[in-house]
Amino acid sequence: MSLSVFLAENALPVENVKYAASPRFVKDGKPVEWEIRCITNEENDAIMKECTRRVPAAPGKRKGAHLPETDFSAYNAKLAAACTVSPNLHDAALQDSYKAKGAEALLKAMLTPGEYSDYLVKVQEVCGFGQDFGGLVDDVKNS
C-alpha cells in the first residue's frame, strides 16, 4: 500500500457536528442545534495537563514519590467548552445572563445535569473517543 493515503492533504477533515443539547432552547418551535468541533491532540494535551497535578504516592511507597492525578470532572468541562463552537460560551452578555464566570461555568449553568451529561458524551464522540473513553462516560454521568 502506498503511504500517500496517509499524507495530510489526503486525510478527510473532521467535520463539525450539529447537536440539540437541550429541548429548552427553541427557535420557530424547534430545538436550536449547538455546533461542536473536534479539538486537536495538542489542545487535548493542554487541557489534560491543566487538569492534572502531582500528588504524593500512597504511604509505604518510595519516599518522596509523586503520582499524576487527573481531575476528570474539570477535564470534561474544559473539553466540552473547548469543543463548543456555538453558542459562543465566551460571550460576556451570555455569561452575565446566567451569572456565570467562564465558559465551563456557563455550560453547566445553561444545561440541566442530564443535558450536561449527554452533551459531554456527544463531545467525546465528536472527538473520536467513542462511547467508552476509559470509564470517563461513567465519571461524566456521576459528576
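Among the listed residues Ala82, Ala109, Ala77, Ala93, which satisfies the condition of being free of Cβ contacts under 8 Å to residues at least 12 places away in the same chain, surrounded by 13 or more Cβ atoms within 10 Å (Cβ to Cβ) and outside any loop (DSSP other than H, G, I, E, B)?
Working: Ala82 fails: free of Cβ contacts under 8 Å to residues at least 12 places away in the same chain; Ala77 fails: free of Cβ contacts under 8 Å to residues at least 12 places away in the same chain; Ala93 fails: surrounded by 13 or more Cβ atoms within 10 Å (Cβ to Cβ).
Of Ala82, Ala109, Ala77, Ala93, the one residue that is free of Cβ contacts under 8 Å to residues at least 12 places away in the same chain, surrounded by 13 or more Cβ atoms within 10 Å (Cβ to Cβ) and outside any loop (DSSP other than H, G, I, E, B) is Ala109.
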Residue selected from the range 40-74 under the condition touching a residue at least 60 places away in the same chain (Cβ under 8 Å) and touching a Leu at 6+ places or on another chain (Cβ under 8 Å), by the criterion nearest to Gly128 (Cα to Cα): Asn44
When the range 43-69 is examined, which residues are found to be touching a Lys or Arg at 6+ places or on another chain (Cβ under 8 Å) and either in a strand (DSSP E or B) or open to solvent by 80 Å² or more (accessible area, probe 1.4 Å) (or both)? Glu50, His66, Leu67, Pro68, Glu69
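Within the range 28-39, how many residues are in contact (Cβ under 8 Å) with a residue 40 or more places away in the chain, assigned to a loop (DSSP other than H, G, I, E, B) and open to solvent by 30 Å² or more (accessible area, probe 1.4 Å)?
Of all residues in the range 28-39, those in contact (Cβ under 8 Å) with a residue 40 or more places away in the chain come to 34-39.
In the following step, the residues that additionally are assigned to a loop (DSSP other than H, G, I, E, B) were identified as 37-39.
Filter once more, so that each one left must be open to solvent by 30 Å² or more (accessible area, probe 1.4 Å): 37-38.
The number of residues fulfilling the criteria is 2.
The values are calculated or read from the model by the stated rules, or taken from the named source; none is laboratory data. Here the structure is a predicted model, which is why all the values come from computation and not from measurement. Methodologically, a virtual Cβ is constructed for each residue, glycine included, from the backbone with ideal geometry; neighbour enumeration extends over all protein chains shown. The area values use the complete protein model at the heavy-atom level, side chains included, leaving out ligands, DNA and RNA. Shrake-Rupley method; radii C 1.70, N 1.55, O 1.52, S 1.80 Å.
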